[in-house]
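Participant: The structure is given below, and queries will be raised subsequently.
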């Protein structure tokens with residue numbers, strides 16, 4: 001499509017009249033237009049279905065598990081499904097500071113080196129624990145470098 005296809009025609013009424021005439025007399029053109037509208041209807045139905053499915057609990061669970069895997073949690077899918085259903089969803093307080101998760105976001109804490117799950121804590125505690133892990137790791141590297 002060029003730039004001219006999006007510009008309005010000089011005589012829009014005449015253009016529309018010719019299109020209606022062609023639709024009326026040309027069965028191939030008519031079928032092409034009908035197929036295009038059917039595709040649009042199907043696409044709209046698919047989009048509505050996807051929107052409804054995205055709100056289901058199963059989809060939310062799979063999104064969380066996919067995010068955990070992308071962050072480096074190294075357990076298999078079945079274990080993560082079990083952990084999500086039996087542990088993650090049941091916990092309503094941070095295991096570190098005992099605050100409710102209404103105030104802060106619930107996150108999965110895991111070791112970035114081994115990929116093992118430690119526990120479910122609030123985002124604030126996770127940030128603190130993450131910075132402590134980094135500092136410990138840097139300290140261990142420095143000690144190793146010093147005593148090597």
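Participant: Among what's in region 1-37 and is part of a loop (DSSP other than H, G, I, E, B) and surrounded by 10 or more Cβ atoms within 10 Å (Cβ to Cβ), pick the residue that is modelled with the highest pLDDT.
Facilitator: Filtering first and then ranking leaves 26.
Participant: Let me ask something else about it. Tell me which helices (runs of 4 or more DSSP H) are completely within region 38-148 and hold 1 or more residues being touching a residue at least 12 places away in the same chain (Cβ under 8 Å), in contact with a helix residue (DSSP H, G or I) (Cβ under 9 Å, 6 or more places away or on another chain) and surrounded by 14 or more Cβ atoms within 10 Å (Cβ to Cβ), or say none if there are none. Spell out the reasoning first.
Facilitator: Working: elements: 57-71, 77-83, 123-146.
Hits in region 38-148: 57-71, 77-83.
Participant: Could you list, in sequence order, all residues of region 95-127 that are more than 29 Å from residue 76 (Cβ to Cβ) and out of contact with any strand residue (DSSP E or B) (no Cβ under 9 Å at 6 or more places or on another chain)?
Facilitator: 98, 102, 124
The values are calculated or read from the model by the stated rules, or taken from the named source; none is laboratory data. Given the structure is predicted, the values throughout are model-derived calculations rather than measurements. Positions of Cβ are backbone-derived with ideal geometry, glycine not excepted, and every protein chain shown enters the neighbour counts.
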